[in-house]
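S.K.: Before I ask anything, let me first share the structure, which is written out below as structure tokens.
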Amino acid sequence: MLKRKLWRDLWQNRTQFLSIFLMAFLGMMVFAGIDAESNGLGVSYTRYFEQTHTADYWVIGNNFTQRNADTLEALPEVETVDRKLVLDGKCKLGSGEELDMEFNFLDRITCSYPYLVEGEPFTATGSGIWLEENFAKARGYKPGDLMNLSYEGVAFQEEVKGIIMHPEYVYYSLDSDSMMPTYGNYGFGFLSKTEFPLQDQLAYNYLVIKTYEEPEDSLQFKEYLKDTLKLDNVTVIDRRQNLGIDTIVNEKEQHETFGIMFTAIFMIIAVMGIVTTMTRMTANQRTQIGTLKALGFSKGRITWHYVSYGIVISLMGGIIGSVFGRLIIPQLFLDSMTAYFILPAWYQQLSWKSVAANVLSVLVCSMVSFLSCRKELKDMPAVTLRPASPKNLKHSLLEKSRFWLSMNFSTQWNIRDVLRNKSRSLMGILGVAGCAMLLLGAFGAYDCCIGLVDWQYSKLVTGQNKVNFSLNTSDLEKRQMAQNYKGQLLQEGSCEFRVGDTVKTGTITVTEAGNFLHYETTDQEEIKLPEDGISMTSKMAKLLGIQVGDTFEWHIVGEEDWETGQVAALYQAATGQGITMDKSVYEDFHYDFHPTSFYTNMTIPFYVKDGDVVAGVISIQQAKSDLAKNMETMYIMVGVLIVAAVLLGMVVLYNMGVLSFMEKTREVATLKVLGFSTKRIRKILQQQNIWITVVGILIGLWLGYQLIVVMMGTMSDDMDMPVNVNLLSYLYAIVGTGLVSLSVNRMLSGRVKTICMVDALKGVE
């Protein structure tokens, strides 16, 4: 009996329950979809690291002996240690063009195996070179081809024995201004130690370490490794400091945050829908509840019956949403992921979090259903068999004021209705606010993405070209070229920063005087960095928990000595979080200035690009394009958000409107009996709708801005995205929400003429 009643009630109130279903559906679709994508991404790189036995720690230094490796391998936490020599050399193409290439000469191979794609398996004793897949594809190399290589002016030739993937470079980019990988311009090659052309100078500069399990305190473990080695001038980094690995880990974490945030919004709105729907339904079914009690149904059974409404709707919405999310959303991200991450296989896999989220949504909706109907269930059958007593209404202070008499009837009627139905009015306001919040969040996030690209390469960097020097270029040649092309020299490198127990990896930029680099505060006010101090990006300062005037320690990756510096100024940078200092300050720390690149507005001729001095020229227009492409993931999020906002606005506002209108049926019928025309009544209802819409939009705009701040705050440690929302986005959110709200109201107010006054006024006591 109760089962039939359940399905009958669901059908009779299908509009309201459909809206709840859609909110649960959208919430779980977004969560499950992003969960399948982010968890699948995690599974993809985790399996890859397991297949290649990717190292957990790297010790960087000079001339590591087998004894050094054995010392670390003897530690109980360490599984295996390999030595390798990593050098930057050259690859000469058939056209005569020379490209930079990283050579990895291996002593043995027990961890960080090159992943074989094609050809012979790698051996640490055989001849030949194993070439990274993307470089090989871009330059047309295949197994059996000969490559002309060189290091320090010494030429040697190797046969390509296999095509591989580098397990330590899931992501790589040549330059901080080129975020998208440029596979054809830089390659990785694996060779045995016997192939090193200068055997008398063979000195391993890396110890590659695989541990049995991840240490609880990575910082302490790195110091432990240093103390065990008892060597000077060594640096230890872990996976989170290896940008080739950490970039993809950050991407996964960012997507997880987005999934939780959006799902929470949809589920909150679904709960609002259940509260309003179940409260109204149980109130309307008061006599039915009394009849069930009189027929002998227990309070527990009746309670379970009404709780089952929330269970059925949330469970159906959650399961169907999870299926659709798993099938649709991961595909939206796949193209952008494969564009700049290198993995042999891509998985899309739901985690236990999706099951937990479904269970949690069912529990919450069940609890809300119970709380919504318990008022009608606690009364005795004799009481519930009678219609509910009218509300004991009192005049508000406003109604007692002289100002009240100056209002017209429409205003008075609507104020009374709002004040005497606070819950209903609040739900309407929250529905409008939710729509405005998501719309502004979507358009505002898009503004931030577009604004970041323009801000970085129109205001902060004004040079048209960035010229990167070859590794073997002398400082004199670099300076002469910069003078010839009226450029601004700079040196860029990797740097570690330490404040207490907090250690972060970032960038160090050393500059000479010039007009191509500009700096702004977080308020986007242009500043001139002090020439006699160290300036730090605001994002790095936040990560380290320091401000202007505070001290910190820093050292260049590959150097052992830690320097102590003081923050002289803070500036905001889109990418490359770290420190900037003038050449003179850098030299005061007893370092030599070795420029790695320069900015210029002049065109670089082809013969210069193809020379030995220049490793590559990055067009700022191309860098802008690369950065914009790197934002594709955010654009997908924005698109999903816009669609969700429109659906939310239509569904929620329609649901709220239907409930509100049905509760006003008696009042509207009374107005008709008193002689009010349908047109007049519709105007009265539209007036209240305008009030609720305006208040909801104002709240929604504030919430939308906060949502944007949270979204931008989830970016990786390497990026700092200013929150810049155009006025046009506010206008889009206002107009979009207003149109949805007013359209729903107009559609519902049209029902005024269909109201049967006799039926509406029945049961009045």
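S.K.: If neighbour count is taken as other Cβ atoms inside 10 Å, put Y306, Y212 in order from fewest to most.
M.R.: Going from sparsest to densest Cβ surroundings: Y212, Y306.
S.K.: Continuing with this model, one more query. Can you give me the distance in nm between label points at R479 and S494, each placed 7 Å from the Cα along the Cα-to-Cβ direction?
M.R.: A separation of 3.0 nm, rounded to one decimal place.
S.K.: Could you list H53, H166 in order of exposure, starting from the residue whose Cβ has the fewest other Cβ atoms within 10 Å?
M.R.: Ascending Cβ contact count within 10 Å gives the list H53, H166.
S.K.: Of all DSSP beta bridges in region 57-213, what percent run antiparallel (nearest 5)?
M.R.: Antiparallel bridges make up about 75 percent of those DSSP assigns within region 57-213.
S.K.: Of the listed pairs K161/K230; K210/K478; K353/K624; K486/K583, which have alpha-carbon separations greater than 29 Å here?
M.R.: Listed pairs above 29 Å: K161/K230; K210/K478; K353/K624.
S.K.: Beyond 13 Å, how much of the Cα-Cα pair distribution for region 177-239 remains, as a whole percent?
M.R.: 77 percent
S.K.: How large is log10 I(q)/I(0) at q = 0.11, 0.15, 0.18 Å⁻¹ when the Debye formula is applied to the Cα atoms of region 57-213, each weighted equally and without solvent?
M.R.: -0.44, -0.81, -1.13
S.K.: By how many nm would the segment from F156 to V735 grow when fully extended, if each residue of separation counts as 0.36 nm and the alpha-carbon distance is taken off?
M.R.: Working it through step by step, the gained length comes to 201.7 nm.
S.K.: Given R₀ = 41 Å, FRET efficiency for V359-R680 by Cβ-Cβ distance, to 0.05?
M.R.: 0.25
S.K.: Continuing with this model, one more query. Go through 94-102, 108-116 and give me the packing order, highest mean Cβ count within 10 Å leading.
M.R.: Result, highest mean Cβ count within 10 Å first: 108-116, 94-102.
S.K.: Right, something else. May I ask for the net charge around G325, where only other residues with Cβ less than 13 Å from the Cβ of G325 are counted and Lys, Arg are +1 while Asp, Glu are -1?
M.R.: Within the 13 Å Cβ shell, the charges total 0.
S.K.: Which ordering of E512, E37 is given by a fewest-first count of other beta-carbon atoms within 10 Å?
M.R.: Values: E512 17, E37 29.
Taking fewest neighbouring Cβ atoms as first place, the list is E512, E37.
S.K.: Between the DSSP loop rule and a limit of at most 12 other Cβ atoms within 10 Å, which trypsin sites (Lys or Arg not before Pro) in region 186-257 are left?
M.R.: For trypsin sites (Lys or Arg not before Pro) across region 186-257 that sit outside H, G, I, E and B with at most 12 neighbouring Cβ atoms in 10 Å, the list reads K230.
S.K.: Under a point spin-label approximation (7 Å from Cα along Cα-to-Cβ), what is the Q199-E216 distance to one decimal in nm?
M.R.: Going by the 7 Å Cα→Cβ label model, 4.9 nm.
S.K.: What is the extension gain from L517 to L146, computed as 0.36 nm multiplied by their sequence separation minus the C-alpha to C-alpha distance, in nm to one decimal?
M.R.: Taking 0.36 nm per residue and subtracting the Cα distance, the gain is 129.3 nm.
S.K.: For a quick check: with amide H placed at 1.01 Å from N, whose amide H comes under 5 Å from E520's, ignoring anything fewer than 5 positions away on the same chain?
M.R.: Amide H neighbours of E520, under 5 Å, 5+ apart: I527, Q572.
S.K.: Also, quick follow-up: Can you list the residues, at least 5 places off or on another chain, whose amide H is less than 5 Å from the amide H of A615, using H built in the peptide plane?
M.R.: N468, F469, S470
S.K.: Express as a percent, rounded to the nearest 5, the fraction of DSSP beta bridges in region 457-630 (both residues included) that run antiparallel.
M.R.: 80 percent
S.K.: I've got another one for you. What distance in nm lies between label points placed 7 Å from Cα along the C-beta direction at S716 and S298?
M.R.: Once both label points are built, they end up 5.8 nm from each other.
S.K.: Using r as the Cβ-Cβ distance of L728 and T462, and R0 as 35 Å, what FRET efficiency do you calculate, to the nearest 0.05?
M.R.: According to the calculation, E is roughly 0.85.
S.K.: How high is the relative contact order of region 437-595? Use alpha-carbon pairs under 8 Å, at least six apart in sequence, and give a whole percent.
M.R.: After rounding, I find 25 percent.
S.K.: Considering Cα pairs under 8 angstrom that are at least six residues apart, work out the relative contact order of region 230-365 and quote it in whole percent.
M.R.: Values: 32 pairs, mean separation 42.0, N = 136.
About 31 percent, as a whole number.
S.K.: So which trypsin sites (Lys or Arg not before Pro) in region 293-358 are both in a DSSP loop and have at most 12 other Cβ atoms within 10 Å of their Cβ?
M.R.: Answer in residue order: no site qualifies.
S.K.: Continuing with the same structure: For region 519-616, which trypsin sites (Lys or Arg not before Pro) pass both filters: DSSP loop (anything but H, G, I, E, B) and at most 15 other C-beta atoms within 10 Å? Kindly include the intermediate steps, with their values, before the conclusion.
M.R.: Values: sites: K528, K539, K542, K583, K609; in loops: K528.
Taking region 519-616 and a limit of 15 other Cβ atoms within 10 Å, the loop trypsin sites (Lys or Arg not before Pro) found are K528.
S.K.: A follow-up question, please. List, in order, the whole-Hz ³J(HN,Hα) value for each residue of region 406-420 obtained from phi through the Karplus relation with A = 6.51, B = -1.76, C = 1.60 and θ = phi - 60°; use x for Gly and Pro.
M.R.: Result, ordered by residue: 7, 7, 7, 4, 4, 5, 4, 4, 5, 5, 4, 4, 5, 5, 8 Hz.
S.K.: In addition: By the scheme Lys and Arg +1, Asp and Glu -1, what is the net charge of all other residues having a beta-carbon under 12 Å from that of E253?
M.R.: Summing Lys and Arg as +1 and Asp and Glu as -1 gives -2.
Values in this text are rule-based calculations from the coordinates and carry no lab data. What you are looking at is a predicted structure, and each value in this text was computed from that prediction instead of being measured. Ideal geometry is used to build each Cβ from the backbone, glycine not excepted, and the neighbour counts take in all protein chains shown.
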